[in-house]
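The values are calculated or read from the model by the stated rules, or taken from the named source; none is laboratory data. The structure displayed is predicted, hence computed values, not measured ones. A quick note on method: Cβ atoms are made from the backbone with ideal geometry, for glycine too, and the neighbour counts reach across all protein chains shown.
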Amino acid sequence: DAKTTQPNSMESNEEEPVHLPCNHSTISGTDYIHWYRQLPSQGPEYVIHGLTSNVNNRMASLAIAEDRKSSTLILHRATLRDAAVYYCILRDTNRDDKIIFGKGTRLHILP
Amino acid sequence: GAGVSQTPSNKVTEKGKYVELRCDPISGHTALYWYRQSLGQGPEFLIYFQGTGAADDSGLPNDRFFAVRPEGSVSTLKIQRTERGDSAVYLCASSLTALPYNEQFFGPGTRLTVL
């Protein structure tokens, strides 16, 4: 399975944008890039996913590099409620399959 | 609408006992997943069901762990002869199908403590 690499932790100030990087140099042409996050004492929740083009939704934006070997999750204006562990995950479009989580990035938001 | 629910929220048991953990998925979701999460780690896949059948049980650590989904909705994760190393948060998720563009919806988890 293709793997992802994320920083262990990041800090950001409240009300500022946050850019969470993810490297996936062995991504295949059929892998979707998914992001989930896990707030304290809760189960993970879906954030966003994309294949090739940049994606926006009400929670975040996903910027995908042209070669698809890296991507960045963008929170446009972080709030204290965005403090969570963020997981970058690859899922093969050709397979019904489970999610393989890594350790993710723990995002700390400073008031 | 109702999300994924899991019961009990907390379970404390003694080493060697049998436990059952229940998951109620979102109505109409055909795929159901079990994960477990140890402190400081990401969720670890255990098993997933497509309908009533286990499509992939490769994550079950040994034969003490078993899961069923007899009617294609509610699922039960069963752990026999519990060990202290089984202590973790057990997470259940469901999705419309198992296809990768369908997001998974997670429950709040069951915290299992084996004394």
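The table for this structure:
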{"read-out": "Count of the range B:61-92 residues which are part of a strand (DSSP E or B) and surrounded by fewer than 18 Cβ atoms within 10 Å (Cβ to Cβ)", "value": "4"}
{"read-out": "Residues of the range A:92-111 that turn out to be in a loop (DSSP other than H, G, I, E, B), farther than 23 Å from A:Gly29 by Cα and in contact with a Leu (Cβ under 8 Å, 6 or more places away or on another chain), as a count", "value": "1"}
{"read-out": "Which numbered condition A:Arg77 misses (of (1) within 14 Å of another protein chain (Cβ to nearest Cβ); (2) of a type outside the set (A, V, I, L, M, F, W, C); (3) touching an Asp or Glu at 6+ places or on another chain (Cβ under 8 Å))", "value": "(1)"}
{"read-out": "Wholly within the range A:1-91, strands (runs of 3 or more DSSP E) carrying at least 1 residues that are touching a residue at least 12 places away in the same chain (Cβ under 8 Å) and of a type in the set (S, T, N, Q)", "value": "A:9-13, A:18-23, A:31-38, A:61-64, A:70-75"}
{"read-out": "Strands (runs of 3 or more DSSP E) contained entirely in the range B:1-60, each with at least 2 residues that are surrounded by fewer than 16 Cβ atoms within 10 Å (Cβ to Cβ)", "value": "B:5-7, B:10-13, B:19-24"}
{"read-out": "Qualifying residues in the range B:94-115 (those that are more than 7 Å from chain A (Cβ to nearest Cβ) and in a strand (DSSP E or B)) - the one surrounded by the most Cβ atoms within 10 Å (Cβ to Cβ)", "value": "B:Ser94"}
{"read-out": "Residue that is farthest from the other protein chains (Cβ to nearest Cβ), among those in the range B:73-93 that are in contact (Cβ under 8 Å) with a residue 40 or more places away in the chain and over 14 Å from the mean Cα position of the chain (by Cα)", "value": "B:Arg81"}
{"read-out": "Of all residues making up the range A:22-33, the number that are facing chain B (nearest Cβ under 8 Å) and either modelled with pLDDT of 95 or more or under 21 Å from A:Ala83 (Cα atoms) (or both)", "value": "0"}
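To keep it simple, each residue is scored yes or no on (1) of a type in the set (A, V, I, L, M); (2) surrounded by 13 or more Cβ atoms within 10 Å (Cβ to Cβ); (3) within 10 Å of A:Trp35 (Cβ to Cβ).
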{"site": "A:Ile64", "(1), (2), (3)": "yes, yes, no"}
{"site": "A:Arg68", "(1), (2), (3)": "no, yes, no"}
{"site": "A:Leu75", "(1), (2), (3)": "yes, yes, no"}
{"site": "A:Ala78", "(1), (2), (3)": "yes, yes, no"}
{"site": "A:Tyr87", "(1), (2), (3)": "no, yes, yes"}
{"site": "A:Asn94", "(1), (2), (3)": "no, no, no"}
{"site": "A:Lys98", "(1), (2), (3)": "no, yes, no"}
{"site": "A:Leu110", "(1), (2), (3)": "yes, no, no"}
